[in-house]
Amino acid sequence: MVEQQQCLVIIKPDGLIKSLTGNIITALSETKLKIVGAKVLKVPRELAERHYAELKERKPHVFVGTVDYITGKYHTDRVLVLVYQGEDAIEKIRRICGSTNPEDADPVSIRGRYGRIHSKTGVFENVIHASDSTENAEKEIKLWFQPSELAEILYPTEKLKVEVEQTFWK
Ligand code: ADP
């Protein structure tokens with residue numbers, strides 16, 4: 001039985017402002033993976049800091065610049081977040097994304113084609129994020145999506161009764 005993997009993909013603010021969403025989704029469609037979730041949102045700083053919590057330990061010198069970048073300091077404050085599912089999803093997607101440093105990335109990968117290094121901040125503006133392991137994919141998907149926002153129940157859920165104020169269409 002083939003292992004079904006999930007992978008969280010974020011088209012970062014530079015991808016949106018440069019109108020690259022179509023090109024990126026087309027490139028990823030080569031994988032024949034299924035999209036099971038998608039939404040556009042403004043990224044609150046707290047969400048970005050939680051998403052990059054492990055980067056803070058691993059590469060502390062780039063943490064603040066990377067959070068600034070994904071929350072929209074240099075482009076727009078919107079991102080498009082997607083969840084892909086299928087066989088070897090992580091490896092297939094990351095191969096098409098290319099290396100973290102856009103200057104080292106395969107020139108025909110997404111990062112090689114569209115990424116750049118910001119000349120003033122040194123931030124790798126590499127257009128796309130993709131989960132790098134099944135553990136991180138699960139953490140990231142649970143961080144960015146509620147179960148009801150996905151077309152499939154990917155992880156165990158529980159029912160809780162909560163009283164919340166919600167906005168409805170008038
Ligand atoms: P990846 O996004 O390829 O999984 P990392 O998790 O190491 O790579 O880094 C997260 C993000 O932080 C990168 O996509 C990039 O935007 C930024 N970044 C990482 N390393 C550097 C660096 N040395 N200089 C500038 N920005 C970096």
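The residue list 75, 61, 51 contains one member that is surrounded by fewer than 14 Cβ atoms within 10 Å (Cβ to Cβ) and within 13 Å of the ligand (Cβ to nearest atom), which is 61. One residue alone among 17, 25 is under 15 Å from residue 70 (Cα atoms), surrounded by fewer than 17 Cβ atoms within 10 Å (Cβ to Cβ) and of a type in the set (A, V, I, L, M), and that residue is 17.
Exactly one of (1) in a helix (DSSP H, G or I); (2) in contact with a Lys or Arg (Cβ under 6 Å, 6 or more places away or on another chain); (3) touching a residue at least 40 places away in the same chain (Cβ under 8 Å) is unmet by residue 96. Its number? Just one mismatch for residue 96, condition (2).
Listed here are the residues, each with its yes/no results for (1) out of contact with any helix residue (DSSP H, G or I) (no Cβ under 6 Å at 6 or more places or on another chain); (2) without any contact (Cβ under 8 Å) to a residue 24 or more places away in the chain; (3) within 11 Å of the ligand (Cβ to nearest atom); (4) over 27 Å from residue 147 (Cα atoms).
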site	(1), (2), (3), (4)
10	yes, no, yes, no
19	yes, yes, no, yes
82	yes, no, no, no
87	yes, no, no, no
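A search for C-beta distances below 9 Å between a residue of region 138-150 that is within 16 Å of residue 40 (Cα to Cα) and any residue that is among the charged types (D, E, K, R) and part of a helix (DSSP H, G or I), counting only pairs 6+ apart in sequence or on different chains, returns 143/50. Can you find a residue that is part of a loop (DSSP other than H, G, I, E, B), among the acidic types (Asp, Glu) and modelled with pLDDT of 95 or more anywhere in region 59-70? No, the conditions are met nowhere in region 59-70. Taking the criterion of being under 23 Å from residue 71 (Cβ atoms), outside any loop (DSSP other than H, G, I, E, B) and within 11 Å of the ligand (Cβ to nearest atom), would at least one residue in region 131-139 satisfy it? Scanning region 131-139 turns up at least one residue that is under 23 Å from residue 71 (Cβ atoms), outside any loop (DSSP other than H, G, I, E, B) and within 11 Å of the ligand (Cβ to nearest atom).
Working only within region 103-126, note down all residues that are within 9 Å of the ligand (Cβ to nearest atom), closer than 23 Å to residue 26 by Cβ and part of a loop (DSSP other than H, G, I, E, B). 115, 126 - these are the residues of region 103-126 that are within 9 Å of the ligand (Cβ to nearest atom), closer than 23 Å to residue 26 by Cβ and part of a loop (DSSP other than H, G, I, E, B). Scanning region 71-84 for residues that are of a type outside the set (Val, Ile, Thr), within 30 Å of residue 34 (Cβ to Cβ) and part of a loop (DSSP other than H, G, I, E, B) returns 72, 75, 77. Taken as a whole, region 151-168 holds no residue that is touching a residue at least 12 places away in the same chain (Cβ under 8 Å) and within 16 Å of the ligand (Cβ to nearest atom).
The values are calculated or read from the model by the stated rules, or taken from the named source; none is laboratory data. Since the structure is predicted, the reported quantities are computational estimates derived from the model, not experimental observations. A quick note on method: Cβ atoms are made from the backbone with ideal geometry, for glycine too, and the neighbour counts reach across all protein chains shown.
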